[in-house]
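S.K.: Once you've had a glance at the structure underneath, I'll fire off some questions.
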């Protein structure tokens, strides 16, 4: 039996209120994955804001901001 089949079988045995809780949890997990993707993707962070930011732009800014600190200062 696959994971999906197992989940469907167990879900069918739950009362309606708990089925809604399962649905809420699945939505939460989906949103959590989507947020992680946005955090690692500059286009996701700035989507809909009218900005055109590339990974190269982000890398340049990071170097400008953190380049002045020595590794000893970070300890």
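What follows is calculated from the coordinates using simple rules that are stated; it is not laboratory data. Fair warning: this is a prediction, and the values are worked out from it, not measured in the lab. For neighbour counting, all protein chains shown are included, and Cβ atoms are generated from backbone atoms with ideal geometry for every residue, glycine included.
S.K.: Quickly work out the residue 69-to-residue 54 label distance, labels modelled 7 Å from Cα along the C-beta direction, and quote it in nm with one decimal.
M.R.: If labels sit at residue 54 and residue 69, their model points lie 2.7 nm apart.
S.K.: Note the full-extension length gain between residue 1 and residue 30 as 0.36 nm times their separation in residues minus their Cα-Cα distance, in nm to one decimal.
M.R.: 8.1 nm
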